[in-house]
Amino acid sequence: MDRIPILKMGPFLLVTIQVDLYDRLALNLENDLITMVSKTEAKGVLIDISAVSIVDSFMGRILGNIASMSRIMDAETVVVGMQPAVAITLVELGLTLQGVHTALNVEKGMELLQNKIGLNLLNQEEYQEPADDTDL
Amino acid sequence: MIQISKDSMPILREQDVVPFRNRVRELATKIGMSLVNQTKLITAASELVRNMLKYANGGKVLLELISRNGQTGVRLTFEDQGPGIKDIDLAMKDGFSTGKSLGLGLPGTKRLVNEFSIKSVPGEGTTVTITHWKNGR
């Protein structure tokens, strides 16, 4: 089966797309991600597309779909690492990825997600750091 | 205009899209096209093969390296025997789509490349030709 691995890290799901996406793979990813968001109660989804050299309108639509679906499932999505040439091409094509958060790299993307959900996390005990990290 | 090389590739299934894009990239790299221009050309090509698969069950693409007035470029001709386009002016309008895509297809594609032409006969098929020059102008 063609699948892109999804990693769970705390309240986040991480996806690194390392290959050029063809349709089936992209649709599987959309499906798998939304299922995982529901199953793991993830609060954020980070998609790294730094290795993707082509984003056409189909791929753009998939990214938009993932963001909207995640939002309905109470999770934020951030797309990171877009290559400059891809950004230039997307805008000329007319695809502005509205509603999708973006960040330059994984680190900044994680920061963004943490800020986005930070307030919620403070109020939710299940996401607090393990006990050995808290001050005694 | 001088034709430097010529090749054709059938596009019949979704799985043909990625190898096709790689062929286009090879040609663009061969003439030293910059990364941004390569990306624009390949994205445009990707949009057009998708149209071909979606509306015409595939077709074939002619890939050429050409030279005109001392400039080299990549010319791609997408030919299908699909239902054709009834109103090309309408199809070239931003935001118009009969399919379930975003409606960026044709006008978006046109913006990405240097030259774009489309011919279509309803009931017979559609031919789209795009050319992108090495320096993107």
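Every number here is computed from the coordinates shown, using simple stated rules; none is lab data. All values reported here derive from a predicted model rather than from experimental measurement. Here the Cβ positions follow ideal geometry from the backbone for every residue, glycine too, while neighbour counts run over all protein chains shown.
Cα-Cα over 32 Å: which of B:Lys60/B:Lys86; B:Lys6/B:Lys119; A:Lys8/B:Lys30; B:Lys6/B:Lys54; B:Lys93/B:Lys134; B:Lys30/B:Lys86?
A:Lys8/B:Lys30; B:Lys30/B:Lys86
Among A:Gly64, A:Gly44, A:Gly99, determine the one that fluctuates most according to a GNM of chain A built with springs between C-alpha atoms less than 10 Å apart.
Most flexible of the set in this elastic network: A:Gly99.
What's the percent breakdown of Cα-Cα distances in chain B across 10 Å bins, shortest bin first?
Cα pair-distance distribution for chain B, in percent: 13, 46, 33, 9, 0.
Rounded to the nearest 0.05, what FRET efficiency is calculated for A:Glu41 and B:Arg13 with R0 set to 41 Å and r the Cβ-Cβ distance?
Given R0 = 41 Å and the Cβ-Cβ separation, E is 0.60.
If the convex hull of the alpha-carbon atoms of the protein assembly as shown is projected onto planes in all directions, what is the mean projected area in square nanometres?
The Cα convex hull of the protein assembly as shown, projected and averaged over all directions, gives 16.4 nm².
Residues with beta-carbon under 9 Å from that of A:Tyr22, excluding A:Tyr22: net charge, scoring Lys, Arg +1 and Asp, Glu -1?
Within the 9 Å Cβ shell, the charges total -3.
Apply the Karplus curve 6.51 cos²θ - 1.76 cosθ + 1.60, θ = phi - 60°, to the phi angles in the stretch A:91-99 and return the couplings in whole Hz, x for Gly and Pro.
3J(HN,Hα) across the stretch A:91-99, in whole Hz: 5, 5, 5, x, 10, 9, 6, 4, x.
If you take the beta carbon distance between B:Ser67 and B:Arg137 as r and set R0 to 22 Å, what does 1/(1 + (r/R0)^6) give as a FRET efficiency, to the nearest 0.05?
Efficiency computed from Cβ-Cβ geometry: 0.90.
With θ taken as phi - 60° and the coefficients 6.51, -1.76 and 1.60, list the Karplus ³J(HN,Hα) couplings across the stretch A:40-52 in order, rounded to whole Hz; mark glycine and proline as x.
9, 6, 5, 9, x, 10, 10, 10, 9, 10, 5, 9, 8
If each of B:Glu115 and A:Ala87 carries a label point 7 Å out from its Cα toward its Cβ, how far apart are those two points in nm?
The modelled label-to-label distance comes out at 3.3 nm.
Taking 0.36 nm per residue of separation and subtracting the Cα-Cα distance, what length does fully extending A:Asp23 through A:Lys108 add?
27.8 nm
Mind checking A:83-95 for the average number of partner chain beta-carbons within 10 Å of each residue's beta-carbon?
Counting other chains' Cβ atoms within 10 Å and averaging over A:83-95 gives 6.
Rounded to the nearest angstrom and ordered from largest down, what semi-axes does the equivalent ellipsoid of the stretch A:6-123 get from its C-alpha gyration tensor (root of 5λ)?
Value: 23, 16, 12 Å, ordered largest first.
Residue by residue through A:48-57, how many Cβ atoms from other chains fall within 10 Å of the Cβ on average?
5
Using a Förster radius of 35 Å, what is the FRET efficiency between B:Ser34 and B:Lys86 based on their Cβ-Cβ separation? Nearest 0.05, please.
Efficiency for this residue pair is about 0.40.
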